[in-house]
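Beneath this line is the structure, given in structure tokens, with notes to follow.
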Amino acid sequence: LEIVKTCYQKIIQLVNEENKENCQNAIDKHLEKSQKALEDALQNKEFADEIRSRALAFSGEILMSHVMNHILRSNNIKTDAVEFDDWPIITDNNIESTNFLKSESNEKIEKLVENNQVVAIGGFIGKTVDNVTTTYERGGSDRTAADLGILFHKKYETSIDFEKDSSVVSADPKIVNDGLREVFQLSYNEARLAGMFGMKILDPIAIKEIVEHGVDMPIKITNIKNPEKITIIKRQLDEQKGHP
């Protein structure tokens, strides 16, 4: 884990003196859990299931949310990070390609939301009702955001903003350079179909979960390099001319 520790030591430079000690304690505490998972993997001669999930969760997504919490606090933003004990996203027992269980998921996160300007949470990670760490497949951070939206939408006016390397365009910009058209709006159905036929910018399962739970909330995909460029995905499109 030395190379991981080195990365966090660079990031902690963004934290002010008042928050640095607590941030360092969070880094040490989470990396200890990740180290334990790696030791279990060595002993079992297998890097799979919950061992893999724990190693990834506590060295990456969950830890990064706690570090981000201290960076934001250093910039005078009232914020908190979600502890794994209070994790709102409960999943089934498929450890490495898990599925969201809304009926089991809890709303403890609401208290954090009401008491803070920002709440930080790691994506990609879930846990079972028996406290076993689980992970979504690739694209799982998109699903985490969708699942939080599903939990929030009845009580709050909820929208999701994904900050990506691009907004949606007419082909994969990593493959096609010329003649790309910007796509300003997609329906949920179009976004799901596009995902099934190769659109990589958004996990189609995230859209599928929103649709299956009967939720109607706008999803904005923002080009982080050029934030004026956005695509809105919603259940019913505004009237448009031309082919979708």
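Summary table
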| read-out | value |
| --- | --- |
| Selection within the stretch 147-160 - surrounded by 13 or more Cβ atoms within 10 Å (Cβ to Cβ) and within 23 Å of P227 (Cβ to Cβ) | L148, G149, T158, S159, I160 |
| Residue list for the stretch 41-73, restricted to those being at pLDDT 95 or above, of a type in the set (A, V, I, L, M, F, W, C) and out of contact with any helix residue (DSSP H, G or I) (no Cβ under 7 Å at 6 or more places or on another chain) | L42, M64, M68, L72 |
| Residue ID - farthest from T79 (Cα to Cα), chosen from residues in the stretch 5-42 that are of a type in the set (D, E) and open to solvent by 50 Å² or more (accessible area, probe 1.4 Å) | E39 |
| Check on E212, without any contact (Cβ under 8 Å) to a residue 24 or more places away in the chain, acidic (D, E) and more than 14 Å from S159 (Cα to Cα) | yes |
| Neighbours by Cβ (under 8 Å, 6+ apart or cross-chain): first from the stretch 38-64, on the phi > 0 side of the Ramachandran plot; second among the hydrophobic types (A, V, I, L, M, F, W, C) and open to solvent by 20 Å² or more (accessible area, probe 1.4 Å) | D49/I95 |
| Every residue from the stretch 23-77 that is hydroxyl-bearing (S, T, Y) and in contact with a Lys or Arg (Cβ under 8 Å, 6 or more places away or on another chain) | S34 |
| All positions within the stretch 1-31 that are touching a residue at least 12 places away in the same chain (Cβ under 8 Å), in a helix (DSSP H, G or I) and farther than 14 Å from I71 by Cβ | V4, K5, H30, L31 |
| Checklist (1) part of a loop (DSSP other than H, G, I, E, B); (2) modelled with pLDDT of 90 or more; (3) open to solvent by 40 Å² or more (accessible area, probe 1.4 Å) applied to G242, failing item | (2) |
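The rows are residues; the columns are (1) assigned to a helix (DSSP H, G or I); (2) closer than 30 Å to N106 by Cβ; (3) of a type in the set (K, R); (4) modelled with pLDDT under 90.
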residue	(1), (2), (3), (4)
K154	no, yes, yes, yes
S167	no, no, no, no
D178	no, no, no, no
A191	yes, yes, no, no
A206	yes, yes, no, no
E209	yes, yes, no, no
D216	no, yes, no, no
N226	no, no, no, no
D238	no, no, no, yes
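The values are calculated or read from the model by the stated rules, or taken from the named source; none is laboratory data. The structure presented is a predicted model; accordingly, all values stated were derived computationally and were not measured. Cβ sites come from the backbone with ideal geometry, for glycine too, and all protein chains shown count toward neighbours. Just so you know, the surface numbers come from the protein's heavy atoms only, side chains and all, with ligands and any DNA or RNA stripped out. Shrake-Rupley method; radii C 1.70, N 1.55, O 1.52, S 1.80 Å.
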